[in-house]
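**Q** Questions regarding the structure given below will be posed in turn.
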Amino acid sequence: MSETRSIRVEALTRVEGEGGLHIRLNGSEIEDVQLSIYEPPRFFEGFLRGRPLEDVPDITARICGICPVAYQMSAVHALESALGVSPGPEIRRLRRLLYCGEWIESHGLHMHLLQAPDFFGAASGIELAARFPKEVNRGLQLKKHGNTLLEVLGGRAIHPVNVAVGGFYKAPSRDQLQDLIPSFEWGLQAAIDATRWVAGFDFPDFEQPCEMVSLQHPDEYPMNEGRVVSVSGLSVDVADYEREFVESHVAHSTALHSLRTADQSSYHVGPLARINLNRDRLCDNAKRIADEIGFETPCFNRFKAIIARGLEVIHAFDEGLAILKDYQPFRPSRLPYSYRNGEGCAATEAPRGLIYHRYRITDDGKIAEAKIVPPTSQNQRQIELDLIQWLPRVMGESDQRTADECERLIRSYDPCISCSTHFLKLTVDRQSDERGPKVSL
Amino acid sequence: MKGNSSNSGNPQQGQHSASAGTLAASPRSRPRPRLAVFKFASCDGCQLSLLDCEDELLAAAEAVEIAYFPEASSRMEPGPYDLALVEGSITTPHDAQRIQEVRRCSRFVVTIGACATAGGIQSLKNWAHHEDYLKWVYARPEFISTLATSTPIADHIRVDYELRGCPINRHQLLEVILAFVRGQRPKLATHSVCLDCKLKGTVCVEVAQGIPCLGPITHTGCGAICPTYDRGCYGCFGPAAQPNCRSLTDHCLQTGTSASTLLPLLRNFNGYAPEFREASNRVEALSAAAASVKEPIDE
């Protein structure tokens with residue numbers, strides 16, 4: 001009889017937040033794979049109840065220091081839907097611009113400091129810089145330009161202060177945005193070079209078709225709005241999100257897994273899903289580079305998410321540049337609204353995938369109920385299933401090497417474990433009956 | 001120990017960052033100080049601030065040995081460490097133990113951000129029924145093991161320095177790291193955001209527009225951003241040195257700000273910091289007293 005082999009990665013590295021990985025093998029048989037998240041719960045959905053609705057963008061930003069704009073955008077859209085107001089084109093464009101800044105800083109960070117080191121056996125971006133000083137420095141500068149945009153438009157890069165229900169507290173001056181144009185012109189070219197660089201990495205041959213879900217807008221690359229679509233043909237209004245997707249609370253995983261309601265199956269959100277479903281809506285520069293590097297879609301190779309991020313950074317600089325150039329200050333910077341009883345939901349595209357918010361509000365402007373579904377909880381089950389496919393390729397190696405290879409796959413998702421609205425303290429029980437995803441809602 | 005403990009700083013401290021040059025000039029003959037970054041309940045934003053030092057990051061990594069920083073590096077060296085940066089608050093029994101280990105293996109412990117220095121936004125549960133939160137958020141509360149409170153690190157261990165902010169100012173972070181590397185105490189200002197607005201020439205949003213603003217009682221460090229963006233300060237750097245919270249809250253209540261507006265303003269990212277906590281509890285008590293004598297409170 002084969003010996004049971006247990007591999008544990010107690011702390012995943014180069015991911016945001018805290019998680020671990022437990023694998024149990026019996027000979028060549030994979031008995032168990034658990035992506036465990038031990039990020040302490042912070043109960044955002046609990047303490048939002050009773051808060052003034054104006055606080056929601058500031059508070060939900062604190063769910064994640066890496067993608068605060070994603071939380072702010074989803075929150076204001078959902079609340080505006082509940083209030084029955086719809087901001088006009090000027091506010092809409094500035095919100096896309098803000099999101100461009102976040103995509104640039106978040107993708108820039110992940111590409112250069114978190115994922116790229118995996119392709120060269122480096123432990124960190126800092127180590128990688130010893131070998132690729134020009135490329136890593138270029139990545140840091142790209143990221144910095146994203147942060148600078150967030151600082152100008154949002155007040156600061158981490159937890160911007162300028163996002164309001166109804167619009168912005170203050171619209172920037174024309175000069176403030178014009179001043180960013182040279183750095184964005186540099187950034188567009190640098191993003192093209194960076195994408196060419198990562199496209200040349202040595203990728204494992206690991207095409208794993210799966211359900212992929214993203215927003216889709218009739219004529220824009222998706223950020224702030226759109227229908228929820230999938231590679232298998234799903235196309236529903238965001239209002240139907242909770243009918244199509246369900247969260248389940250499983251003991252081992254520590255997070256609420258999201259699954260397709262119909263068949264309890266897993267799915268994938270993130271840049272690969274977005275690009276597979278929206279390639280024709282990328283800007284011309286990103287399309288041209290995608291063609292030039294031979295990026296074939298649909299792409300189901302998780303490791304190639306780094307290329308998708310590169311193409312999205314090109315898009316963000318390109319679209320950001322256009323908005324910067326055309327911008328004219330406007331008033332009012334935010335729409336007035338009256339309190340009423342209501343409910344509203346919204347989905348937007350965080351750098352690491354679709355994020356869904358729903359709020360019920362009262363006629364005195366308070367939050368009665370909040371529901372937030374971050375991207376990583378949607379990806380968690382898919383990551384585990386991917387690992388089951390990936391393990392036979394790498395489990396012949398030493399335990400350490402096997403663990404490293406698994407971590408590498410997890411990292412390709414850019415998991416954001418700090419998005420801890422749903423994450424609970426892990427109790428690892430190898431004999432747990434709660435191994436599979438069980439719906440308990 | 002509470003607060004950025006020197007008051008001799010330059011009011012413009014946010015402006016003078018540790019440059020790449022000064023960091024790189026650290027002598028290489030001696031072993032480099034060993035830096036560790038630990039995370040507890042938090043959003044990761046404060047440790048991200050270190051990675052957001054795009055111009056200084058590579059030089060900083062020359063000046064100190066980044067021995068333990070899981071968010072940035074897979075190489076996790078065991079202690080002891082010369083300087084531990086601690087992000088996040090204590091919310092689980094396991095973390096209450098883990099922070100003791102951090103203290104044991106670290107020469108200096110510097111807490112960074114509102115979670116670590118004041119309990120963070122998650123400390124709102126300290127005023128609520130924990131069981132309700134469990135029930136509202138999780139389908140299977142029995143899977144969860146957490147404490148009923150979120151508390152700052154200094155409630156659990158001796159802390160050598162507290163760097164405020166939600167998020168922290170990355171220039172201040174470099175200042176603090178550099179000071180400890182040089183064996184000095186950091187010298188950061190402790191005055192209020194209100195003074196920063198005066199120095200910047202920002203028109204007072206409270207006086208001119210009647211917007212409630214915590215600037216007079218909030219610690220400097222953010223650069224007085226919110227009033228620049230036409231909104232009141234919401235206290236994300238926590239209490240300034242010797243804040244006169246009573247005076248400010250009385251002023252707000254007397255000039256038409258309702259208790260129901262003031263209470264959540266005080267009770268947010270640094271709401272559990274003692275000065276803000278006391279102020280919000282007082283506003284709550286005043287409001288309850290007013291309601292009990294059936295006089296309409298100022299809403």
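Any read-out appearing in this document is the output of simple, stated calculations on the displayed coordinates, not a laboratory observation. Remember, predicted model here, so these are calculated numbers, not experimental data. As a convention, Cβ positions derive from the backbone with ideal geometry for all residues, glycine included, and neighbour counts pool all protein chains shown.
**Q** Going by how many other beta carbons lie within 10 Å of each one, how would you line up B:Glu101, A:Glu405, fewest first?
**A** With the fewest neighbours first, B:Glu101, A:Glu405 line up as B:Glu101, A:Glu405.
**Q** Still on this model: Counting Lys and Arg as +1 and Asp and Glu as -1, what is the net charge of the other residues whose Cβ lies under 14 Å from the Cβ of B:Glu87?
**A** Neighbourhood net charge equals -2.
**Q** Grab the beta carbon distance between A:Val85 and A:Asp179, set R0 = 30 Å, and tell me the FRET efficiency rounded to 0.05.
**A** Efficiency, rounded to the nearest 0.05: 0.45.
**Q** While we're looking at this one, here's another question. Using the Karplus curve 6.51 cos²θ - 1.76 cosθ + 1.60 with θ = phi - 60°, what ³J(HN,Hα) values do you get for each residue of the range A:391-402, in whole Hz, with x for Gly and Pro?
**A** 4, x, 6, 10, 6, x, 7, 4, 4, 4, 5, 4
**Q** Sticking with this one: Which entries in the list A:Lys134/B:Lys39; B:Lys39/B:Lys125; A:Lys170/A:Lys287; A:Lys143/B:Lys39; A:Lys143/B:Lys200 go over 25 Å, if you measure between the two C-alpha atoms of each?
**A** Where the Cα-Cα span goes over 25 Å, the pairs concerned are A:Lys134/B:Lys39; A:Lys170/A:Lys287; A:Lys143/B:Lys200.
**Q** Let me ask you something else. When only C-alpha pairs under 8 Å and at least 6 residues apart count, what is the relative contact order of the range A:1-97, in percent?
**A** In percent, rounded to a whole number, it is 15.
**Q** Measuring from centroid to centroid over Cα atoms, what is the spacing of the range A:359-420 and the range A:1-80 in Å?
**A** 6
**Q** At 7 Å along Cα-to-Cβ for each site, give me the label-to-label distance between B:Trp127 and A:Arg331 in nm.
**A** Label at B:Trp127, label at A:Arg331, 3.6 nm between them.
**Q** May I ask you to sort A:Trp197, A:Trp390, B:Trp127 by Cβ crowding, counting other Cβ atoms within 10 Å and putting the fewest first?
**A** By the 10 Å Cβ count, ascending, the order reads B:Trp127, A:Trp197, A:Trp390.
**Q** Say R0 is 56 Å: what FRET efficiency, to the nearest 0.05, do B:Arg30 and B:Arg282 get from their beta-carbon distance?
**A** That pair, B:Arg30 with B:Arg282, gives E of 0.60.
**Q** Just counting partner chain Cβ atoms within 10 Å, what average do the residues of peptide A:61-71 show around their Cβ?
**A** What the average comes to for A:61-71 is 5.
**Q** With no solvent and one point on each alpha carbon, what is the Debye value of log10 I(q)/I(0) for chain A at q = 0.06, 0.08 Å⁻¹?
**A** Once normalised to I(0) and log-transformed, intensities are -0.24, -0.43.
**Q** For the range A:228-349, what is the convex hull volume of the alpha-carbon atoms per residue, in Å³?
**A** In the range A:228-349, the Cα convex hull volume per residue is 172 Å³.
**Q** I'd like the mean, over residues of A:232-240, of how many other protein chain beta carbons sit within 10 Å of each residue's own Cβ.
**A** Partner-chain Cβ atoms within 10 Å, mean over residues of A:232-240: 0.
**Q** Go through the range A:154-159 residue by residue and turn each phi into a ³J(HN,Hα) via Karplus (6.51, -1.76, 1.60, θ = phi - 60°); whole Hz please, and just put x for glycine and proline.
**A** Here the 3J(HN,Hα) series is x, x, 7, 6, 9, 6 Hz.
**Q** Evaluate peptide B:57-66: per residue, the Cβ atoms of other protein chains within 10 Å of its Cβ; return the mean as an integer.
**A** 3
**Q** Let me have the 222 nm mean residue ellipticity of the protein assembly as shown computed from DSSP H runs of 4+ only, each contributing -39500 (n - 2.57), with the sum over all residues rounded to the nearest 500.
**A** -11500 deg cm²/dmol
**Q** Amide H to amide H under 5 Å from A:Glu369: which residues, 5+ apart in sequence or cross-chain, H placed 1.01 Å off N in plane?
**A** A:Arg360
**Q** Further question on the same structure: Over what distance in Å are the Cα centres of the range A:208-241 and the range A:160-177 separated?
**A** The range A:208-241 and the range A:160-177 have Cα centres spaced 28 Å from each other.
**Q** Here's another thing I want to ask about it. Principal axis extents for the range A:178-223, Cα atoms only, whole Å, descending order, please.
**A** That gives 44, 33, 12 Å along the principal axes, largest extent first.
**Q** Right, next: Over the Cα atoms of the range B:141-270, what radius of gyration and what Dmax do you get, in Å?
**A** 17.1, 54
**Q** If you project the alpha carbons of the range B:193-291 onto their three principal axes, what span does each projection cover, largest first, in Å?
**A** 40, 26, 19
**Q** A:Ile388 to A:Ala11: FRET efficiency via 1/(1 + (r/R0)^6), r the Cβ-Cβ distance, R0 35 Å, to the nearest 0.05?
**A** 0.95
**Q** Which whole-Hz ³J(HN,Hα) couplings does the range A:93-109 yield from phi under the Karplus relation 6.51 cos²θ - 1.76 cosθ + 1.60, θ = phi - 60°, glycine and proline marked x?
**A** Going residue by residue, I get 5, 5, 5, 4, 4, 4, 5, 4, x, 5, 4, 5, 5, 6, 5, x, 4 Hz, with x marking Gly and Pro.
**Q** Working from the alpha-carbon coordinates of the range A:59-129, get Rg over Rh, Rh being the Kirkwood radius.
**A** Rg divided by Rh gives 1.18.
**Q** Additional query: Would you pull out the residues with amide H under 5 Å of B:Val37's amide H, same chain only if 5 or more places away, H placed 1.01 Å from N?
**A** B:Tyr68, B:Phe69, B:Leu85
**Q** Also, I was wondering about something else. List the residues whose amide H sits under 5 Å from the amide H of B:Ala240, counting only those 5 or more places along or on another chain, with H placed 1.01 Å from N in the peptide plane.
**A** The answer is B:Thr218, B:His219.
**Q** Please arrange B:Cys222, B:Cys166, A:Cys345 by how many other C-beta atoms lie within 10 Å of their C-beta, fewest to most.
**A** Fewest to most other Cβ atoms nearby, the residues stand as A:Cys345, B:Cys222, B:Cys166.
**Q** Now for a different question. Charges only on Cβ, +1 for Lys and Arg, -1 for Asp and Glu: so what's the dipole of the range A:1-74 about the Cα centre, in debye to the nearest 20?
**A** 100
**Q** Strictly greater than 39 Å: what percent of every Cα pair in the protein assembly as shown meets that?
**A** Roughly 30 percent, rounded to a whole number.
**Q** Gap in Å between the Cα centre of the range B:56-76 and the Cα centre of the range B:164-216?
**A** Value for the Cα centre distance between the two parts: 27 Å.
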